[in-house]
Amino acid sequence: MKLVIVLCLVALACADRDAKIVNHQFEINEDGSYDATYETSNGIQAQENGISYPGNEPETGNYVRTGSYSYDWEGVTYTVTWTADENGYVAEGDHIPK
């Protein structure tokens with residue numbers, strides 16, 4: 001029994017559970033919009049873009065962002081697409097209840 005516990009502890013100590021960013025790109029365009037993508041060592045991939053629409057008064061306006069991310073969980077790939085704007089955050093995916 002002690003050997004099983006020791007082997008489990010060794011396996012946990014050797015496991016690489018800290019994901020690292022392996023690809024990251026970020027670009028700000030001339031119109032003030034941006035595009036961003038990243039990928040991690042554990043297979044998470046994400047992309048997003050956004051633009052700011054200034055209002056007529058200071059501290060007013062709107063920022064619109066859209067994007068998606070995907071990840072694998074137990075051999076199944078899950079993808080979420082989302083929008084964030086004046087209506088709030090809305091996420092959609094086949095695995096998300098409607």
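What follows draws every value from the coordinates through simple rules; no lab data is involved. Remember, predicted model here, so these are calculated numbers, not experimental data. Cβ coordinates were reconstructed from backbone atoms using ideal geometry, including for glycine residues, and neighbour counts include every protein chain displayed.
Can you pull the one-decimal nm distance between simple spin-label points at Ile44 and Thr79, each 7 Å off the Cα toward Cβ?
1.9 nm
Quote the charge dipole size of segment 19-98 about the Cα centre in Debye, to the nearest 20; the model charges only the Cβ of Lys and Arg (+1) and of Asp and Glu (-1).
Dipole size: approximately 280 debye.
Take the alpha carbon atoms of segment 19-92, find their radius of gyration, then divide it by 2.2 N^0.38 Å using N residues; give the quotient.
Normalised by 2.2 N^0.38 Å, the Cα Rg of segment 19-92 equals 1.33.
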